[in-house]
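Take a look at the structure set out below.
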Amino acid sequence: MGKHKTKQFAAMKRMISLKDHRIKEKDRAKTIQKKKKDPSKLKEREVQKHPSCLFFQYNTQLGPPYHILVDTNFINFSIKAKLDIVQSMMDCLYAKCIPYITDCVMAEIEKLGMKYRVALRIAKDPRFERLPCTHKGTYADDCLVQRVTQHKCYILATVDRDLKRRVRKIPGVPIMYISNHR
């Protein structure tokens, strides 16, 4: 029985490291010196400024007439539930409500095509105010979240779970939604 040679797995060519002293000085990789943290130095971190409109949890900017930002699916669901948007908003809040539609929500409804032409007719209602958008693309969720964060005077009307989850993290923004036909 001859000498038993073990099989080498994944044999790899040996490469010298880039920091090796055999490599010319100019081609050699520089050793990175770690900066020691100065314990006496003040730590800097970004802290979100507390909005001035909030009195603890209470948003002082909210009051009738209510400004309500409407999402695409809110209009579609209100048609399904056979609700008149403006009327049911007033029934909900017992005050005058002004629904606002942003350009990107309008574009989303237009993109949905013929099936949702009723939604488009509702959105073009003269009682609805239009808000111009400055951003690129028609992704409404980001736009609405950004608007609500900037100006805390809106109520957000949506049925979208993810959007509701995102907006709940922003203090002082109420959410209006449709559940069991109201």
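The values are calculated or read from the model by the stated rules, or taken from the named source; none is laboratory data. Keep in mind that this is a model prediction, so the values were computed, not measured. Here the Cβ positions follow ideal geometry from the backbone for every residue, glycine too, while neighbour counts run over all protein chains shown. Surface areas here come from the heavy atoms of the whole protein model, side chains and all, with no ligands, DNA or RNA. Shrake-Rupley method; radii C 1.70, N 1.55, O 1.52, S 1.80 Å.
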Pairs of Cα atoms under 8 Å, at least six residues apart: use those to get the relative contact order of region 1-143, whole percent. 18 percent
Computed over the Cα atoms of region 128-172, the Rg and Dmax in Å are 10.7, 27
Tell me the mean residue ellipticity at 222 nm calculated for the chain from its helices only (DSSP H runs of n ≥ 4, each -39500 (n - 2.57), averaged over every residue, nearest 500). -8000 deg cm²/dmol
Can you bin every Cα-Cα distance in region 65-176 into 5 Å intervals starting at zero and give me the percent of pairs per bin, rounded to whole numbers? 2, 12, 24, 26, 23, 10, 3, 0
Report, ordered by chain and residue number, the lysines lying within cross-link reach of K49, taken as a straight Cα distance under 24 Å and ignoring same-chain residues fewer than 8 apart. K41, K152, K164, K169
Whole-Hz ³J(HN,Hα) from phi, Karplus 6.51 cos²θ - 1.76 cosθ + 1.60, for region 162-168, glycine and proline x: 5, 5, 4, 4, 5, 6, 4
State the percentage of accessible surface on the chain attributable to carbon and sulfur atoms; use a 1.4 Å probe and exclude ligands, DNA and RNA. 55 percent
Of all stretches in the chain that avoid chymotrypsin sites (Phe, Trp or Tyr not before Pro) placed in a DSSP loop and having at most 10 other Cβ atoms within 10 Å, the longest is 95-182
Check cross-link reach from K35 to the lysines: straight Cα distance under 25 Å, and skip same-chain residues fewer than eight apart. K19, K26, K43
